1. Do you know which of the residues in region 166-186 that are surrounded by fewer than 22 Cβ atoms within 10 Å (Cβ to Cβ) and part of a loop (DSSP other than H, G, I, E, B) is farthest from the chain's Cα centre (by Cα)?
2. Counting only residues that are within 22 Å of Leu86 (Cα to Cα) and small (Gly, Ala, Ser), which one in region 226-245 is least open to solvent (accessible area, probe 1.4 Å)?
3. Inside region 22-45, can you point out the residues that are within 29 Å of Pro201 (Cβ to Cβ) and either part of a helix (DSSP H, G or I) or modelled with pLDDT of 95 or more (or both)?
4. So, in region 24-36, of the ones that are among the aliphatic types (A, V, I, L, M) and surrounded by fewer than 17 Cβ atoms within 10 Å (Cβ to Cβ), which residue ends up farthest from the chain's Cα centre (by Cα)?
5. Can you run down the residue pairs with Cβ atoms below 6 Å, 6 or more apart or on separate chains, where the first is in region 137-165 and in a helix (DSSP H, G or I) and the partner is of a type outside the set (A, V, I, L, M, F, W, C) and surrounded by 13 or more Cβ atoms within 10 Å (Cβ to Cβ)?
6. In region 187-228, what residues are assigned to a loop (DSSP other than H, G, I, E, B) and small (Gly, Ala, Ser)?
7. When Trp89 is evaluated against the numbered criteria (1) crowded, with 23+ Cβ neighbours inside 10 Å; (2) under 23 Å from Gly19 (Cα atoms); (3) at pLDDT 85 or above; (4) out of contact with any Leu (no Cβ under 6 Å at 6 or more places or on another chain), which criterion, by number, is the only one it fails?
8. Is it the case that region 46-59 has a residue that's under 30 Å from Val197 (Cα atoms), polar (S, T, N, Q), in contact with a Ser or Thr (Cβ under 8 Å, 6 or more places away or on another chain) and assigned to a helix (DSSP H, G or I)?
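The values are calculated or read from the model by the stated rules, or taken from the named source; none is laboratory data. In this text the structure is predicted, and so the values were computed from the model without any measurement. Cβ sites come from the backbone with ideal geometry, for glycine too, and all protein chains shown count toward neighbours. Note: accessible area is taken over every heavy atom of the protein model, side chains too, but ligands, DNA and RNA are not part of it. Shrake-Rupley method; radii C 1.70, N 1.55, O 1.52, S 1.80 Å.
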Amino acid sequence: MIRTALYLVTLVWATIWYGGRCIVAGWLRVPWTRGGLYDRAQRYWARSILAAAGIPVTVEGAEHLAPDAPQIVAANHASFFDILALLGWLPGDPKFIAKKEIFAIPVMGGAMKAAGHVRMDRGHQKQAFDAYVQATGQLRERRLTVVVYPEGTRTRTGELGPFKKGAFVFAIVSGAPVVPCYVSGAFGIQPKGRIRVHRQPIRITLGAPIGVDGLTVEDREALAERVRQAVLALGARVDASRVAS
């Protein structure tokens, strides 16, 4: 329980400290720069919380990410801890398209808005579409790495769920390649409804980017299935390596 207490204290402290810096910088209209104040704050926020929880993170396949080009990372979603792992360790200081409820959290929501993350209301189709339009503009202008969770929600079983199509319309319209990503180890660290944190390593595995050149929005279902199969293949590879070791 000492580890859990340290995690909870650090979660509150880091959110106030790093989130507050982003909010103040936003008020002062400090511009976003790659690797600048906002990117450093989100990276240090995530890493400090994971360190307090005793969760090590490793990344495999980072060479599949372009260092200075727009790209979309499509990842599985198991818990709050895979968000932390991607924010803290994914190269390129990624931005998320996140559900509106997260933006309602005091300090965290304001910090996310200031740092350039995109709010989405999945309950309203037009607002969800507007969020993707906003993200497309930022993706192209700033050459961002944007993380999407195509399942639409976190898994309750640990298995990869079906993919929704919105993220792939976004990819096709933006013209950015989709990098499949499988995050293992996050499921079960803090079971839903529980406070206690269980220490176990997280492994981020990235696959070869899937291009969208020549695709139209009518191809969104085929693209979604292709990316889903790529994520499943990464997961199978991780499971096989775990058994072999």
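1. Looking at residues that are surrounded by fewer than 22 Cβ atoms within 10 Å (Cβ to Cβ) and part of a loop (DSSP other than H, G, I, E, B), I get Gly175.
2. Taking the candidates together, the pick is Gly235.
3. Cys22, Tyr38, Asp39, Arg40, Ala41, Gln42, Arg43, Tyr44, Trp45
4. Quick first cut of region 24-36, residues among the aliphatic types (A, V, I, L, M) only: 24-25, 28, 30.
If we keep only those that are surrounded by fewer than 17 Cβ atoms within 10 Å (Cβ to Cβ) as well, we get 24, 28, 30.
Working: Val24: 24, Leu28: 27, Val30: 24 Å.
Only one residue fits best here, namely Leu28.
5. Close Cβ pairs satisfying both conditions: Leu139/Pro70; Leu139/Ser174; Arg140/Pro70.
6. Passing the criteria: Gly188, Gly193, Gly207, Ala208, Gly211, Gly214.
7. Failed condition: (1).
8. Going through region 46-59, the residues under 30 Å from Val197 (Cα atoms) turn out to be 46-59.
After this cut, where a residue has to be polar (S, T, N, Q) as well, the list is 48, 58.
Filter once more, so that each one left must be in contact with a Ser or Thr (Cβ under 8 Å, 6 or more places away or on another chain): 48.
If we keep only those that are assigned to a helix (DSSP H, G or I) too, we end up with 48.
Yes, region 46-59 has at least one match.
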